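These notes are about the structure you will find just below.
The values are calculated or read from the model by the stated rules, or taken from the named source; none is laboratory data. Given the structure is predicted, the values throughout are model-derived calculations rather than measurements. With ideal geometry, Cβ positions are generated from the backbone for all residues, glycine too; neighbour counts draw on all protein chains shown. Protein only, heavy atoms only, side chains kept; ligands, DNA and RNA dropped before computing areas. Shrake-Rupley method; radii C 1.70, N 1.55, O 1.52, S 1.80 Å.
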Amino acid sequence: MRSASPVRQDPNSGMWMVFGYDGVQRTLSDFRAFSSERGRPRGENAQTALSSSIISTDPPRHRQLRSLVEQAFTPRQVRALEPRITELVDELLSQVERTGSMDFVQDFAYPLPVIVIAEILGIPAADRDAFKRWSDAVVTGDQSGSREMGAYFARLIEQRRAEPADDLISGLLAAQVDGEHLDTQELLGFCILLLVAGNETTTNLLANTLLCWQDAPDAYERVRADRDLLPSTTEEVLRYRSPVQSMYRVAAQDVNLEGQVIPEGSPVLTWIGSANRDPAQFPEPGTFDPARSPNRHLAFGNGVHFCLGAPLARLEASVALGAVLDRLPNLRIVPGAVLEPIPSQIVYGVRRLPV
Ligand code: HEM
């Protein structure tokens, strides 16, 4: 499909599909031709709040929103989280050492990013369980859970407005560009976006690493012997088993993409996972090479919407996988375990991973 028709219209859905590296890169980054904003619902609940967040906005509005949130979510602040992430990883792995077995997704890769984001946002520990339930609700599209979470965040935002604390919500309330602050709906959208964008994605990055090591045992042995290979291993997992497989855009004008004219208003799906296996960009794309260099994968997107959480995801992966290599040297996926894929066109991973 990628080599025969890298850009094609699906006859059933009418959706345009982009498969090749160059086409995906252009679709993600050329915001004048491919809009993130058109056709998104607006309104007052958690799902629609997401539609008014930065990920669903085009420049110039996107630029303003992004610089507002960048003030509260800087790489330096992310680096400062390392000791706390290390502590959380230790706690989660200690539980495993006590019981001797675990579901790598449910017991480790899933709770870690949820707790980290909850703490960044300033969610009190007592509300953590409800918070987990709601974040699932938003990902699965469950309306009542999403509404509950929207109401919860709206209350929390008002509390922080009255009494600022040392957390991201207070930072977002204080941030301003040209004298302008985020309004409550935009803030709500951003909180929910962080939750959705940073949750299942990082979970799958961690679990997909184990699946890659299972596919390529020599790569596992190499990184065990040489820990300096861990960062490039993570980049290769992002390429080889991309946690986000596709992204959505709408053609903002008639646009010629690799010889195909996509009419204005058409929905477009960019296949990141396919681009990341394009032999025109990656020699031997089907080989998991933990030392691949260069590795210009598109797993975090490209252009103005490039993933804001990439430094956090990379930090969590480095701490979590480093600890797994140190503390669980005999970690193996249970032979014959049934690996149920997450039923989604967007996120790529498994629901459970018994090890
Ligand atoms: C945007 C992937 C982790 C927050 C994106 C985009 C991709 C992506 C592909 C581009 C969307 C587009 O072009 O429309 C991933 C992957 C992750 C990850 C693969 C983990 C392995 C995170 C984390 C956070 C986060 C941990 C935050 C806590 C965001 C935000 C955006 C974004 C806020 C929107 C940026 C904008 O529109 O300007 N992510 N992400 N992501 N991501 Fe991530």
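Computed quantities for the displayed model
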item	result
Cβ-based net charge around Val78, under 13 Å, with every Lys or Arg adding one and every Asp or Glu removing one	0
Long-range amide H partners of Val350 with built H, under 5 Å	Ile342
For the stretch 146-283, radius of gyration divided by Kirkwood radius, i.e. Rg to Rh on alpha-carbons	1.11
In range of the label at Asp226: residues from the stretch 267-298 whose backbone nitrogen is under 18 Å from the point 7 Å along Cα→Cβ	288-295
Accessible area of the chain belonging to carbon and sulfur atoms, whole % at 1.4 Å probe	51 percent
The stretch 7-327, accessible area per residue, ligands and nucleic acids excluded (1.4 Å, Å²)	42 Å²
Amide H partners (placed H, <5 Å) of Met17, local residues excluded	Arg8, Gln9, Asp10, Leu269
Cα-based convex hull, the stretch 86-207, per residue volume (Å³, whole number)	122 Å³
Residue-span extension gain [Gln106 to Val304] - 0.36 nm each, minus C-alpha spacing	68.0 nm
Linear extension gain, Ser67 paired with Asp178, 0.36 nm per residue minus alpha-carbon span	38.9 nm
Two-site FRET efficiency, Gln159 against Arg98, from Cβ-Cβ distance with R₀ of 41 Å, rounded to 0.05	0.65
Spin-label pair Ala4/Arg147, simplified geometry with 7 Å Cα→Cβ offset, distance in nm	4.7 nm
Rounded to 5, the percent of DSSP beta bridges in the stretch 7-327 classed as antiparallel	80 percent
R0 of 30 Å, Cβ-Cβ distance Arg296-Ala130: FRET efficiency to nearest 0.05	0.15
Segments 284-294, 145-155, 92-102 sorted - mean Cβ within 10 Å per residue, highest first	145-155, 284-294, 92-102
Computed label-point distance, nm, for sites Asn256 and Thr74 using a 7 Å Cα→Cβ extension	4.5 nm
Range of Cα positions in the chain per principal axis (Å), largest first	58, 53, 35
